[in-house]
1. Considering only the stretch 176-193, I want to know if a residue exists there that is closer than 18 Å to residue 26 by Cα and in contact (Cβ under 8 Å) with a residue 24 or more places away in the chain.
2. Considering only the stretch 14-44, how many residues are under 16 Å from the mean Cα position of the chain (by Cα) and without any contact (Cβ under 8 Å) to a residue 60 or more places away in the chain?
3. Does residue 138 fit the bill of being in contact with a strand residue (DSSP E or B) (Cβ under 6 Å, 6 or more places away or on another chain) and closer than 30 Å to residue 124 by Cβ?
4. Looking at (1) in a helix (DSSP H, G or I); (2) not assigned by TED's automatic domain parsing to the domain that holds residue 206, which is the only condition residue 17 fails?
5. Among the listed residues 248, 243, 207, 221, identify the single one that is outside the structural domain of residue 18 (by TED's automatic domain parsing) and touching a helix residue (DSSP H, G or I) at 6+ places or on another chain (Cβ under 7 Å).
6. I'd like to verify a number: residues in the stretch 164-175 that are farther than 23 Å from residue 26 by Cβ and touching a strand residue (DSSP E or B) at 6+ places or on another chain (Cβ under 7 Å), how many?
């Protein structure tokens, strides 16, 4: 049986993960097109937090978060900490009783899946995990030691290496400039390094997904927004390990 030829446009963490997982199927031939370098776009800007304790996401995503945490911890056991995973724990701070109720559901979910998690209903007890925390307008929170953060670019490159080992072609510095169509089907791509033909094209362009979609006359319901990032340095080194800190509208990590 002829192999299905698959193009993946975008060499960030999503595109490289898709490439690796598709490579597990023998009947697929895969090529990744990245306009710059692997993991150099939005992936490189990610804080790469891996949090079970995250009330900003629907509970339906909890199983996915458990799997991601497990996978990245396993990847980190490679040489020299392959993806830079650091198990820092997460402290969630709740300014309202309503948010504390939502966080309690995530504590219960974590415990149900065998992870350690603690609901904190005395604000002063939050200081056990973050001594310098101002608890003036806080009703409580939650803590888990399981969470942490990694290096998103390292994860993308780890997936790229694993994909290459399985025969995936990865073309960097190769921008897709046009998607070739025959009737209602896509049949290939034109790039800055030539024309290639495929049976299936995967759009893994992240913030550029709309631009890629329009090449195939598709308007995707995607909008990306900018967020502010502040890099702060304490006047003197902290005497404790700084966890991931989550408030309702922002978060921080070391």
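1. Taking the stretch 176-193 first, the residues closer than 18 Å to residue 26 by Cα are none.
There is no residue in the stretch 176-193 that is closer than 18 Å to residue 26 by Cα and in contact (Cβ under 8 Å) with a residue 24 or more places away in the chain.
2. So the first thing to find is which residues in the stretch 14-44 are under 16 Å from the mean Cα position of the chain (by Cα), and the list is 14-21, 38-44.
Then drop every residue that is not without any contact (Cβ under 8 Å) to a residue 60 or more places away in the chain, which leaves 21.
Qualifying residue count for the region: 1.
3. Working: in contact with a strand residue (DSSP E or B) (Cβ under 6 Å, 6 or more places away or on another chain): yes; closer than 30 Å to residue 124 by Cβ: yes.
Criteria met by residue 138.
4. Tallying (1) in a helix (DSSP H, G or I); (2) not assigned by TED's automatic domain parsing to the domain that holds residue 206, residue 17 fails exactly one: (2).
5. Details: 243 fails: touching a helix residue (DSSP H, G or I) at 6+ places or on another chain (Cβ under 7 Å); 207 fails: outside the structural domain of residue 18 (by TED's automatic domain parsing); 221 fails: touching a helix residue (DSSP H, G or I) at 6+ places or on another chain (Cβ under 7 Å).
Testing whether each residue is outside the structural domain of residue 18 (by TED's automatic domain parsing) and touching a helix residue (DSSP H, G or I) at 6+ places or on another chain (Cβ under 7 Å) leaves just 248.
6. Initially, the stretch 164-175 is screened for residues farther than 23 Å from residue 26 by Cβ, giving 172-175.
Narrowing further to those that are touching a strand residue (DSSP E or B) at 6+ places or on another chain (Cβ under 7 Å): 174-175.
Number satisfying all stated conditions: 2.
The values are calculated or read from the model by the stated rules, or taken from the named source; none is laboratory data. None of these values were measured; they are calculated from a predicted model. Every residue, glycine among them, receives a Cβ derived from its backbone with ideal geometry; neighbour counts consider all protein chains shown.
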